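Participant: Next up is a structure, given as structure tokens.
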Amino acid sequence: MGLDQLPDNLLAMGSALLDQVTNPFYGIISSGALASRTVARGQLLRPYAQYTGVTVLSPTIGSST
């Protein structure tokens, strides 16, 4: 399981993961998908719910032996 994925046991919730629920980050996060009053239930069940994704700005460069 990746850090941005739901645990396998929660996938059984099916479409309930898409239900809009009260966003506990409303008023704390001021921009993006987590700035609204409601958020998909599935987002809040992720391991790091306060993040919607991760962007790698530059790949790892180098090697060692």
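Participant: Exposure proxy check: Arg37, Arg46 ranked by fewest other beta carbons within 10 Å?
Facilitator: Numbers: Arg37 9, Arg46 18.
Ascending Cβ contact count within 10 Å gives the list Arg37, Arg46.
Participant: Continuing with this model, one more query. In terms of the Cα gyration tensor, with a ≥ b ≥ c the square roots of its eigenvalues, is the chain rounded because a/c is under 1.5, prolate because a/b exceeds b/c, or oblate?
Facilitator: Details: a/c = 3.69, a/b = 1.55, b/c = 2.38.
Oblate shape, in that a/c is at least 1.5 and b/c is the bigger or equal ratio.
Participant: Using the number of other C-beta atoms within 10 angstrom as an exposure proxy, rank Tyr48, Tyr26 with the fewest first. Display every interim value, and only then the final one.
Facilitator: Working: Tyr48 9, Tyr26 14.
Arranged by neighbour count, lowest to highest, Tyr48, Tyr26 become Tyr48, Tyr26.
Participant: Sorting Val21, Val56 on the 10 Å Cβ count, fewest up front, what's the list?
Facilitator: On the way: Val21 13, Val56 6.
Lowest to highest Cβ neighbour count: Val56, Val21.
Participant: For n ≥ 4 DSSP H runs only, could you compute -39500 (n - 2.57) per run for the chain, divide by its residues and tell me the 222 nm figure to the nearest 500?
Facilitator: Numbers: 1 runs with 4 residues, N = 65.
Here the helix-only value at 222 nm equals -1000 deg cm²/dmol.
Laboratory data are not the source of any read-out in this text; all were calculated from the coordinates shown. This one's a predicted model, so the numbers in the text were calculated from it and none came from an experiment. Cβ sites come from the backbone with ideal geometry, for glycine too, and all protein chains shown count toward neighbours.
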